[in-house]
Amino acid sequence: MSLLRRKPRGPVKRDPQNPGPDERIFGRHYRGPRPAAIGLVVAVLFVVGFYLGFTKHIPFTSRGYELHATLENATTLKPDSLVRIAGVNVGKVSSVEPHGNMAEATFTVSEDGLPIHEDATITVRPRLFLEGNFFLDLHPGSPSAPELDSGSTIPMTQTATAVQIDQILTSLQSDSRDNLKRALAGYGTALNKPPTAAEDATQDPDVQGLTGAQAINETFRYGGKAGRTSAIVNEALLGEHPHDLSNLIRAQRDVFTQLASTDGALSDLITNFNTTAGALASESANLSATVHELAPTLQEAEPSLRHLNDALPWFRRLARESLPGFRELPATIAAGSPWLVQARQLLGKGELGGVAKLLRQSGPGLAQATNASLNLFPQLERASRCVSENLVPTGNVAIDDDGGAYPSSLVTGQPNFREFFYSTVGLAGESQNFDGNGPYVRFQAGGGPELVRMAMPGGAALNDSVWGHNISPPLGIRPALPAGGKPPFRMDVPCYTQAVPDINSDVAAATGPPDPEVVP
């Protein structure tokens, strides 16, 4: 039977005794949703609203960047507590749940606080008194460390919790306070008690007779430089990057673990160390003297170490600047390999090797020539000085006419070295012209009634004189010969030490008697 009813055709008759619902309000053909469906939708909407109001998170959507942190003590950290970086809010705590004997906090970080690196640290800090509760102080880590992915966990070794006032108060109970009083009183007595003679016997002479406090004050006179140096050493032990010291301790742990795995070798090492320590103990006096000299040595070395420290940045910069060159070095070596092959062949016996052999053979002769030149060069120096200090100045002198003593045709006014070359030109032109019989000499032999002679140069086998005719007898010799004869010729007197001859002086202009050898 069909559940749908057909609409009756024609007017519908109503029963006056039971009229029923008014069709104008309650039509029999309502086609909207059923009331049960409407109620179900309302119930679902209520449940969804209750869930959103309780969790404050829309399902099937991402919570953004979320991290977990393992805390030793979460104190009063609660959900919705703030997450701050350098005092700026960058997120909130989503949940705080127990994790064994510790607590695990889940929190979100906005885009403004990213990125977060693997060496990030978290500290639970109290907020202001008016704010209440605590917040997470997040340090994002160093940029050189890798970044943390969303959902990662920051371990407890990188988290810390602020100390509470109740922890401070509970650490000082009555018995602890009494022990602290006794410890302070004993410490004061140790500092202020004068030492006995027996106690001073084993002390350094600089602190004998002083109390402990006075001796400590004396150490401050010398401890300034030591404290500064210790501070530098302690700062250096921290490393250049965060967690360098913790990584060192972790590496030492691994080393000790490996040492513990080899008990036999370690026992042998201790035995050998005991032997070495015994040998050092036998030299305790020398070691004590060495340690005593260590302080002055360090004082002397401090300027050098300071300069070395100042030079290290420049060496570091040089190393950095040299890195590109080192990177190009393999390519340079590869490019230079063919040249090295050719250079090896060039240095072979058939090439430069033979030249080197000849040079080796000629080396002794060159050494002898060099040794002989030690005597030659001084003579060359003397000859050069004779030319520059005697011959050249003499050649630059011009012969004057001496008041008409010389014919004007013979006085040129030029330096005598030029007149020498003028005479060579004249001699070269004596046979420039020629006839059919060949060149002829362009001068005539002199003649006259006066017969003169002169000694044959170099002597001769038949005749010891040369004869000739002159127009007039010789008048004399100019310049005149020295009265004592020729000057002595000495080989031990350098030429450059002699005075430059003055050919225009009165002595040079004087006329002497004729040479008897040229007199008839």
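The values are calculated or read from the model by the stated rules, or taken from the named source; none is laboratory data. These numbers were taken from a predicted model, which means no experiment stands behind them. Note that each Cβ is placed from the backbone with ideal geometry, even for glycine, and that neighbours are counted across all protein chains shown. Accessible surface areas use protein heavy atoms only, side chains included; no ligands, DNA or RNA. Shrake-Rupley method; radii C 1.70, N 1.55, O 1.52, S 1.80 Å.
Annotations
- Looking across A295, A289, A301, A260, one residue alone is more than 19 Å from the chain's Cα centre (by Cα), over 27 Å from T229 (Cβ atoms) and of a type in the set (G, A, S). It is A260.
- Taking first residues from region 370-397 that are surrounded by 12 or more Cβ atoms within 10 Å (Cβ to Cβ) and partners that are among the hydroxyl-bearing types (S, T, Y), the Cβ contacts under 7 Å between residues at least 6 apart in sequence or on separate chains come to R382/Y496; R385/Y496; C386/Y496; E389/Y496; N390/Y496.
- One residue from A335, A319, A331 being assigned to a helix (DSSP H, G or I), among the small types (G, A, S) and either at pLDDT below 85 or within 10 Å of the chain's Cα centre (by Cα) (or both): A319
- Scanning region 179-233 for residues that are within 48 Å of the chain's Cα centre (by Cα) and either β-branched (V, I, T) or over 28 Å from L298 (Cα atoms) (or both) returns V207, I216, T219, T229, I232, V233.
- Scanning region 344-364 for residues that are polar (S, T, N, Q) and over 43 Å from the mean Cα position of the chain (by Cα) yields Q361, S362.
- If you check P313, P303 for being surrounded by fewer than 10 Cβ atoms within 10 Å (Cβ to Cβ), within 22 Å of G223 (Cβ to Cβ) and free of Cβ contacts under 8 Å to residues at least 24 places away in the same chain, only one passes: P303.
- Number of residues in region 76-128 that are at pLDDT 90 or above, within 44 Å of the chain's Cα centre (by Cα) and either more than 21 Å from E147 (Cα to Cα) or open to solvent by less than 20 Å² (accessible area, probe 1.4 Å) (or both) equals 6.
- If you check G429, G446 for being under 24 Å from I471 (Cβ atoms) and at pLDDT below 70, only one passes: G446.
- Helices (runs of 4 or more DSSP H) wholly inside region 175-285 that include at least 3 residues being open to solvent by 90 Å² or more (accessible area, probe 1.4 Å): 212-237, 244-260, 263-282
- The set of residues from region 149-174 being at pLDDT below 75 and assigned to a helix (DSSP H, G or I) comprises I165, D166, Q167, I168, L169, T170, S174.
- Candidate set from region 467-500 (those that are in contact with a helix residue (DSSP H, G or I) (Cβ under 6 Å, 6 or more places away or on another chain) and assigned to a loop (DSSP other than H, G, I, E, B)); member that is farthest from G413 (Cα to Cα): P494
- Residues of region 260-287 classified as at pLDDT 85 or above and within 26 Å of G223 (Cβ to Cβ), total: 0
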